[in-house]
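What follows is a set of notes on a single structure, which appears directly below.
The values are calculated or read from the model by the stated rules, or taken from the named source; none is laboratory data. Note that this is a predicted model, so its numbers are computed, not measured. Methodologically, a virtual Cβ is constructed for each residue, glycine included, from the backbone with ideal geometry; neighbour enumeration extends over all protein chains shown. Side chains included, ligands, DNA and RNA excluded: accessible areas come from the protein's heavy atoms. Shrake-Rupley method; radii C 1.70, N 1.55, O 1.52, S 1.80 Å.
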Amino acid sequence: MAILVDENTKVLVQGITGGFGGKHAQLSIDYGTQIVAGVTPGKGGQTFGTSTPIYDTVSDAAKQSGATVSAIFVPPPFAADAILEAVDAEMDLVIAITEGIPVADMMRVKAAMEGSKTRLIGPNCPGVVTPGRGENSHGGCRIGIAPGYIHKRGNVGVVSRSGTLTYEAVYQLTELGYGQSTCVGIGGDPINGTSHLDVLKMFNDDDETEAIIMIGEIGGNAEAEAARWAAENCKKPIAGFIAGATAPPGRRMGHAGAIVGGEEDTAEAKKKILAECGIAVSETPSDMGKTLVGML
Amino acid sequence: MNIHEYQAKELFEKFGVPSPNGQVASTAEEAESAANAIGGSGLVVKAQVHAGGRGKGTFKNGFKGGVHLADTPAEIKDLAAQMLGQTLVTHQTGEEGRFVNKVMVAESVDIESEFYLSILLDRATCRPVIVASTEGGMDIEKVAEETPDLIVKEFVHPLAGLQPYQVRKLTAVYGLKGDTAKQFAKLIKNLYKLFIACDCDMVEINPLVVTPDGDVLALDAKFGFDDNALYRHPDIVAMRDTTEEDPREVEASEYDLNYIGLDGNIACLVNGAGLAMATMDIIKHCGGDPANFLDVGGGATKEQVAAAFKIILSDPKVEGILVNIFGGIMQCDIIAEGILAAAAELAITIPLVVRLEGTNVAKGRELIANSDLAVIPADNLNDAAEKIVKAVNS
């Protein structure tokens, strides 16, 4: 069944006429994903590509197209507003790809979203892929910026903050012959909509997911929180990796959230907690797939 | 981004957060006239560098201490002359120290009691949190460890803002009464305004002092700003002092590249922050030592990749380069073109291992294979790390 999205999911893209949004909307369409509408204020009535209609507002686009999920490629100064517009249009799921949104904006967005039915994934994330069953996983639901062809439909759930590390894990799994149920990039910002824990819970409840790879990095305690929950509640084997063992303390390593503040933030501390919670921790990023397969 | 103490004072003045009377000076003469303008007999002169431990630091000319008390403007002039244009080494600067372009001259304040006060962004609750403690002037992490009961946290709802009852609770933490309590209430309200208006991710006042006359003053402050929000704060960007930063990091930021210099000899060029960290980790795991963190980002151009190579190669410690690209947004052929452009211009003579995977990978590999560059291709991340460590160590 996969989680969050599948081949039947209808998706609209906010910022579809921008270079970045347009490029990835097209790649998703090529992958077989149902991109049913685009939104760019002031460009309503135009068409993206061959047949995707563009609307001025998200609520119009959702009503006309039946989309339940929005992908956001809007530039940082306008992204918080774009997320809240999608929430107002009662989308089920909003996936914010945009990198560089001010933290204060996200703080207000999170507070404003309390009590709404919408789930937010990201921002600063690679998005979500539920691979299809065609050649090179064609026919799946690709929302965001991941290279589609590295996937393969199967039974491993992948959750990670980092885009490229997600691709790395997915690629390793596919090479080893193991497909994925759904791959979720939750994003590298200090404040995000969906946590490692949220995704673990969904994978735990998903019939199609039989094993999980959880990838984390230095900063914050989200991985530890998820691991502690998993130790008590998760029925499925989990392999993990934490990036940033060689990162100097007090420096922001690219991701706004990747900074070692206290002792619990370090890669060593997180790896230790994961191991204590029964998660098989991969020694190197090159062994994530192997480590999981070793548990099966 | 960091700012100097005198710049923090300017922000405090703008937002109505009281701090001791003081002025910045670039020459000994300016320092003297600043002292004259401030008046009184208790004065202090402080070297302006982005590093802690100034008081206990030593200048490379042998002069001891980056913070000094003085009684007269003439003394201030003399002290400033020994600090300005000199390099101050503290426990936070490393051996190379920091060059002192400016000093701040201020009134020296008598202290009745000193407290700790900060506003931070709390990741777990996604809210600003005000941290207050009666243990001022100490290392707050030590206080948190040894006497956690002496630290009080007040979370602020981001949409409601700081409420009067929260101000009363904080006032009670410090046990302030009468006019002093009123002064503090004004200070914390203004400090919260500043935190929000300037998109700070941290403002720390340590110590916050009460004088024998009952006045409340921010004696020393530390600021952190959210880099993502700098686009809407040109006034804060203008406070950036690039002489305080690693010149390679400054150059990288001009090209929108994320570069952080480290001590090793294997440079890496990677797309994506997570993979860049993981690449450093695996180099170490294979027995090597990473020279840097470098994330070229998702949409890097040929020019950016070439600039990244130049920055990497400007580090004399570098003896080998590992390029690790897993293209999602990033196209492998763009990276390949960047490598070729840089190689043509820079004549790379040290070992270069390239691992490409992802979007347009075939095109990227072909470009490199068809060039006359001595690139060592790698099949996967582990292979890449092993090859570069071997090449550098042989």
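Looking across region B:350-378, just one residue is closer than 22 Å to residue A:170 by Cα, open to solvent by 50 Å² or more (accessible area, probe 1.4 Å) and among the polar types (S, T, N, Q), and that is B:360.
Here residue B:159 clears all of (1) within 13 Å of another protein chain (Cβ to nearest Cβ); (2) without any contact (Cβ under 8 Å) to a residue 60 or more places away in the chain; (3) surrounded by 13 or more Cβ atoms within 10 Å (Cβ to Cβ) except the condition numbered (3).
With the structure loaded, tell me whether residue A:141 is in contact (Cβ under 8 Å) with a residue 60 or more places away in the chain and within 28 Å of residue A:286 (Cα to Cα) or whether it fails that test.
Details: in contact (Cβ under 8 Å) with a residue 60 or more places away in the chain: yes; within 28 Å of residue A:286 (Cα to Cα): yes.
Taking the combined requirement at face value, the residue satisfies it.
Please state which one of A:264, A:283, A:217, A:225 is surrounded by fewer than 24 Cβ atoms within 10 Å (Cβ to Cβ), within 11 Å of chain B (Cβ to nearest Cβ) and closer than 30 Å to residue A:101 by Cα.
Working: A:264 fails: within 11 Å of chain B (Cβ to nearest Cβ); A:283 fails: closer than 30 Å to residue A:101 by Cα; A:217 fails: surrounded by fewer than 24 Cβ atoms within 10 Å (Cβ to Cβ).
After ruling out the rest, the residue left standing is A:225.
Within region B:62-151, which strands (runs of 3 or more DSSP E) (wholly inside it) include 3 or more residues that are of a type in the set (A, V, I, L, M, F, W, C)?
On the way: elements: B:67-70, B:87-89, B:103-107, B:113-122, B:127-133.
Correct list: B:67-70, B:103-107, B:113-122, B:127-133.
Hey, could you check region B:193-231 for residues that are open to solvent by less than 20 Å² (accessible area, probe 1.4 Å) and in a helix (DSSP H, G or I) and say which is nearest to the other protein chains (Cβ to nearest Cβ)? Once the filter is applied, the top-ranked residue is B:229. Return the residues of region B:365-378 that are assigned to a loop (DSSP other than H, G, I, E, B) and under 37 Å from the mean Cα position of the chain (by Cα); say none if nothing qualifies. Scanning region B:365-378 gives a single hit, B:378. Screening region B:241-340 for helices (runs of 4 or more DSSP H) wholly inside it with 3 or more residues that are within 14 Å of chain A (Cβ to nearest Cβ) and at pLDDT 90 or above returns the ranges B:273-285.
Taken over region A:85-102, the criterion of being open to solvent by less than 40 Å² (accessible area, probe 1.4 Å) and assigned to a helix (DSSP H, G or I) is satisfied by A:86, A:87. Residues of region B:323-333 that are of a type in the set (S, T, N, Q) and open to solvent by less than 10 Å² (accessible area, probe 1.4 Å): B:324 alone. Restricting attention to region B:106-142, the residues that are touching a Pro at 6+ places or on another chain (Cβ under 9 Å) and β-branched (Val, Ile, Thr) total 3.
Restricting to region A:39-84, what's the tally of residues that are farther than 30 Å from residue B:231 by Cα, in a helix (DSSP H, G or I) and in contact with a helix residue (DSSP H, G or I) (Cβ under 8 Å, 6 or more places away or on another chain)? Within region A:39-84, residues that are farther than 30 Å from residue B:231 by Cα, in a helix (DSSP H, G or I) and in contact with a helix residue (DSSP H, G or I) (Cβ under 8 Å, 6 or more places away or on another chain) number 0.
Among the candidates B:341, B:336, B:347, the residue that is open to solvent by 50 Å² or more (accessible area, probe 1.4 Å) and within 36 Å of the chain's Cα centre (by Cα) is uniquely B:347.
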